[in-house]
Amino acid sequence: MKNELNKQELHNLAMNIVGKDLEDQGYEFLGIKSELKTNPQFVALKEKKLHFVVVRAVLYPDDPKKIDQIFMEGIREHALKFNARTFYAGVGIANSKDYELPITKDEDYIVNYDGLQEI
């Protein structure tokens, strides 16, 4: 294996992509948690409204837009206690040379990210 990215590194990559998108949209970050299995990853303010954002790195051939509804419903219920909106941000990542190959530190990758999906 030549420098294959592990789950945490793939997650960090997805976090960077979503974080940049949120920043570009004018979100103000209140909390950022980048550890795997810690949710939500971003707690942010926009227009004085609290937002919870769950980020997932999704490897090809899985669909980055597919949401685990039961899991996300639990996050949404938690967010409602804080009068917050809940979003899912799935980031599809694939090796640019061959989608079937793993993502490595030495090779380019392709990103499939269509922004936030409100829950």
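Throughout, read-outs are computed from the coordinates displayed, never taken from laboratory work. For clarity, every value in this text was computed on a predicted model and none was experimentally measured. Glycine gets a Cβ as well: all are built from the backbone with ideal geometry, and neighbour counts include every protein chain shown.
Asp106 meets all of the listed conditions (1) within 21 Å of Asn3 (Cβ to Cβ); (2) among the acidic types (Asp, Glu); (3) without any contact (Cβ under 8 Å) to a residue 60 or more places away in the chain but one, namely (3). Out of Ile103, Ile67, one residue alone is surrounded by fewer than 18 Cβ atoms within 10 Å (Cβ to Cβ) and of a type outside the set (S, T, N, Q). It is Ile67. Each residue in the range 36-58 was checked for being out of contact with any strand residue (DSSP E or B) (no Cβ under 6 Å at 6 or more places or on another chain), under 20 Å from Leu10 (Cα atoms) and touching a residue at least 24 places away in the same chain (Cβ under 8 Å), and 1 pass.
Would you be able to tell me the number of residues in the range 70-98 that are part of a loop (DSSP other than H, G, I, E, B), in contact (Cβ under 8 Å) with a residue 24 or more places away in the chain and loosely packed, with under 14 Cβ neighbours inside 10 Å? Summing the residues that are part of a loop (DSSP other than H, G, I, E, B), in contact (Cβ under 8 Å) with a residue 24 or more places away in the chain and loosely packed, with under 14 Cβ neighbours inside 10 Å in the range 70-98 gives 2.
Among the residues of the range 1-50, count how many are in a helix (DSSP H, G or I), under 17 Å from Arg85 (Cβ atoms) and not β-branched (Val, Ile, Thr). Steps first, please.
Our first condition is that a residue be in a helix (DSSP H, G or I); within the range 1-50, this holds for 7-24.
Pick out the ones that are also under 17 Å from Arg85 (Cβ atoms) and you get 18, 21-22.
Filter once more, so that each one left must be not β-branched (Val, Ile, Thr): 21-22.
Going through the range 1-50 one residue at a time, the tally reaches 2.
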